[in-house]
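Structure, as structure tokens:
The values are calculated or read from the model by the stated rules, or taken from the named source; none is laboratory data. On a predicted model such as this, the values are computed, not experimentally measured, just so you know. Cβ atoms come from the backbone with ideal geometry, glycine included; neighbour counts cover every protein chain shown.
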Amino acid sequence: MTKFLCLIAFLIASSASAFNLLPPTTNLEMARAAQSPANSWTILVYLHADHNLDGSSVVDMQEMQKVGSSNTFNIVVQWDRSEVSGVQRGVVGQGKFNVVQKMPELNSDDPKVLADFISWGIQKYPARRYGLVMWDHGGQWDGGFGGDETNKGDGISVMDMRRAIQAGMAQSQQKKFDFLTFDTCLMGGLELLTAFGDLSNMYIANPELDFGDGWEYTTTFSYLKNNPSVPMNLFATKENELWGKHHSSDEADILYRAHSAYDPSKLPALLAASKNFSTALGTAWQTEADQLATLRSKVLEYNIDTDEPRAPKNYVDYGHYAALVAKTTQDANLRSASANLQAAIKSTVIAKTLGKNNQAASGISIWMPADSSELPEASVLESYDQLYKISDTGWNTFLENNWFGTVEDNSEAPTLELQESRNLIGPNANKPAEVDFRVAGKDLDGVYASIGREIGQSFNLYGDLFFDRAEEGEFTAEWDGSLIYLSDGKNRDLFTGFFQDAGDTLLAATAQYTEPRDQVSTPVIVLMNAETLKITAMLDDSGSSPREMLARPGGTLEFEYLRYATIDDEDPEFALTGGKVTIPPAGLKALRSFYAPAPKGDYSLVFGVTDWAGNEQTDDVSIKIQ
């Protein structure tokens, strides 16, 4: 195009913008559009894998290579790996990665590195439409994104990441991305939507952990490549459908997956509805605090915490909490505000894929810490207040003026009373140990029994027998003297699993995973179906949140238990069981799991009851295995 025609195009577009016929844009954007084929795409993938997810990044790169780029469809990647020195930039081709630029080792947690990639990718590969994929660990607002192990990085904070993306867009004079997604865990929250929503026409993320393989790049990019003019709402719906199919085989995904697409154009209405809800909630709190706070034990939670498996999680489903409030409150204004918030969330979340156990989820999380023993410090609250537009939601005000005070005041644990016990010596399948107990309290949450062993003065906690919803009344627990083991055919190890929430069917066990021919181990979480004893997933636990990772044949797993100085100690440490199993050629799920009699010795059944604020009362019964 000649300079004269470019000038005419610019003047026409500028005039149209002045009369609101076109969205405001920049000179460079217009020039790129004029030079680019209609409906052309450039998708920027920030493939941050300088850590234990390196193998997963290779799998996703292979998925992209099945699609490849074309003269109208560019998959542009910056790839930082732990097993390859330096950083590579390039374009994904059919069956290969065409490296355009090799750079020295960079800290991918550095906001400037992210900004430079965005600017470089947009300017070097101009198109009419742009997408940005942020690939790595994600930890909601306080965990941020990333974790560059080579550079000992702690990740990028949400606000630094927002500024980095804005800087990259400003350097390339790009107004918005057509879509922006986090192929990570936990970034589907209100705090993230407000931080990144205005930078794109569609925001896609997971409010829950990614228990499976993340995005399905082959089918998703193929769809976009074959339908380049697709409106973003239709693309988001299709991406959710494809993501759901990709996450439909593993038990953890089937039960607990959560993936959403959000329409940022609905943000003003959502912020207004949230502000009204927060204000009305704070007003009703003066007379209904007990009833409204108790709902915290019923709301859907997100994330895993193996350090304190029965403690309340920090993130809940925002819409689900609003729905529970609407059914509970006697305040007509709050009931109306709750209904309006649910409607605004439903309008914003235009597509979602949920698991069987969280069908009540609205698909958007929010920060609502409820552990009375670990309330956020002042510096954390200050950081929350500084999140982009969080003050427009009013949620920070509600937390600080109402919620945290109620949590702090709730320091009284429910009651647990042990009653009759039977068969405490040499229990077996035909004659199990039986313990009757009673629980009571006004704000009960869960009731559990765990198995532990007394060795000298210390006490080793090996895992849960059960963890159920608590109601006032009497319970009976049974134990036949057996524990869960995993075997690779030659060696076996104790599976030390704990439930994360009352009513769960998945046990989560901590372990150390070592790659074949490697000397350095990685902390992981292994998930098992408590009913079928099938391994469902292994999650990398070294980043800001656990995320699914590959268990390579020949790698080893060594499980950990919680070791207490005494049975009454409240500050345990993780200790290795001393066993070790090797991943079979057929993979992690080929490990055999089974019940076997516990070794001889003195054991304890530890019983506990919890409330919504994490307060718990415990007691124990001694059992001898002969």
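Among the numbered criteria (1) surrounded by 15 or more Cβ atoms within 10 Å (Cβ to Cβ); (2) out of contact with any Pro (no Cβ under 8 Å at 6 or more places or on another chain), which single criterion is violated by residue 404?
(2)
If the Cβ limit is 7 Å and pairs must be 6+ apart or interchain, which residue in the stretch 576-599 that is within 27 Å of residue 452 (Cα to Cα) and outside the structural domain of residue 482 (by TED's automatic domain parsing) pairs with which residue that is aliphatic (A, V, I, L, M) and surrounded by 14 or more Cβ atoms within 10 Å (Cβ to Cβ)?
none
Restricting the stretch 566-619 to residues that are acidic (Asp, Glu) and within 30 Å of residue 298 (Cβ to Cβ), which is surrounded by the fewest Cβ atoms within 10 Å (Cβ to Cβ)?
571
Conditions tested, residue by residue: (1) under 25 Å from residue 155 (Cβ atoms); (2) in contact (Cβ under 8 Å) with a residue 60 or more places away in the chain; (3) in a loop (DSSP other than H, G, I, E, B).
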{"site": "48", "(1), (2), (3)": "yes, yes, no"}
{"site": "55", "(1), (2), (3)": "yes, yes, no"}
{"site": "58", "(1), (2), (3)": "yes, no, no"}
{"site": "64", "(1), (2), (3)": "yes, yes, no"}
{"site": "74", "(1), (2), (3)": "no, no, no"}
{"site": "108", "(1), (2), (3)": "yes, yes, yes"}
{"site": "119", "(1), (2), (3)": "yes, no, no"}
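Within the stretch 506-536, take every residue that is hydrophobic (A, V, I, L, M, F, W, C) and either assigned to a loop (DSSP other than H, G, I, E, B) or at pLDDT below 95 (or both) and give me the one that is surrounded by the fewest Cβ atoms within 10 Å (Cβ to Cβ).
Checked the stretch 506-536; the qualifying residue surrounded by the fewest Cβ atoms within 10 Å (Cβ to Cβ) is 520.
Do we find that residue 128 is within 30 Å of residue 316 (Cα to Cα) and of a type in the set (Lys, Arg) in this structure?
It is false that residue 128 is within 30 Å of residue 316 (Cα to Cα) and of a type in the set (Lys, Arg).
One line per residue, one yes/no per condition, for (1) surrounded by 22 or more Cβ atoms within 10 Å (Cβ to Cβ); (2) part of a loop (DSSP other than H, G, I, E, B):
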| position | (1), (2) |
| --- | --- |
| 175 | no, yes |
| 185 | yes, yes |
| 191 | yes, no |
| 209 | yes, yes |
| 218 | no, no |
| 234 | no, no |
| 240 | no, no |
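Does residue 288 fit the bill of being outside the structural domain of residue 390 (by TED's automatic domain parsing), under 30 Å from residue 329 (Cβ atoms) and modelled with pLDDT of 95 or more?
No; evaluated as a whole, the condition is false for this residue.
From 434, 420, 474, grab the single residue that is free of Cβ contacts under 8 Å to residues at least 60 places away in the same chain and either outside any strand (DSSP E or B) or within 30 Å of residue 575 (Cα to Cα) (or both). Even if it seems obvious, please write down each step before you answer.
Numbers: 420 fails: either outside any strand (DSSP E or B) or within 30 Å of residue 575 (Cα to Cα) (or both); 474 fails: either outside any strand (DSSP E or B) or within 30 Å of residue 575 (Cα to Cα) (or both).
It is 434.
Checking residue 539 against (1) in contact with a strand residue (DSSP E or B) (Cβ under 6 Å, 6 or more places away or on another chain); (2) outside any strand (DSSP E or B); (3) closer than 15 Å to residue 250 by Cβ, which single condition isn't satisfied?
Just one mismatch for residue 539, condition (2).
One line per residue, one yes/no per condition, for (1) assigned by TED's automatic domain parsing to the domain that holds residue 251; (2) under 21 Å from the mean Cα position of the chain (by Cα); (3) farther than 30 Å from residue 247 by Cβ:
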{"site": "335", "(1), (2), (3)": "no, no, yes"}
{"site": "342", "(1), (2), (3)": "no, no, no"}
{"site": "354", "(1), (2), (3)": "no, yes, no"}
{"site": "371", "(1), (2), (3)": "no, yes, no"}
{"site": "374", "(1), (2), (3)": "no, yes, yes"}
{"site": "377", "(1), (2), (3)": "no, no, yes"}
{"site": "383", "(1), (2), (3)": "no, yes, yes"}
{"site": "396", "(1), (2), (3)": "no, no, yes"}
{"site": "400", "(1), (2), (3)": "no, no, yes"}
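Identify the residue in the stretch 379-412 that is among the β-branched types (Val, Ile, Thr) and in contact with a helix residue (DSSP H, G or I) (Cβ under 6 Å, 6 or more places away or on another chain) and, among all such residues, is nearest to residue 196 (Cα to Cα).
Step one: filter the stretch 379-412 for residues among the β-branched types (Val, Ile, Thr), giving 380, 390, 393, 397, 406-407.
In the following step, the residues that additionally are in contact with a helix residue (DSSP H, G or I) (Cβ under 6 Å, 6 or more places away or on another chain) were identified as 390, 393, 406.
On the way: 390: 12, 393: 15, 406: 31 Å.
That would be 390.
Write out, first by first residue and then by second, each pair whose Cβ atoms fall under 8 Å of each other, whose residues are 6+ apart or on separate chains, and whose first residue, in the stretch 347-363, is in contact (Cβ under 8 Å) with a residue 12 or more places away in the chain and surrounded by fewer than 17 Cβ atoms within 10 Å (Cβ to Cβ) while the second is of a type in the set (A, V, I, L, M) and part of a helix (DSSP H, G or I).
347/269; 347/270; 356/254; 356/255; 360/323
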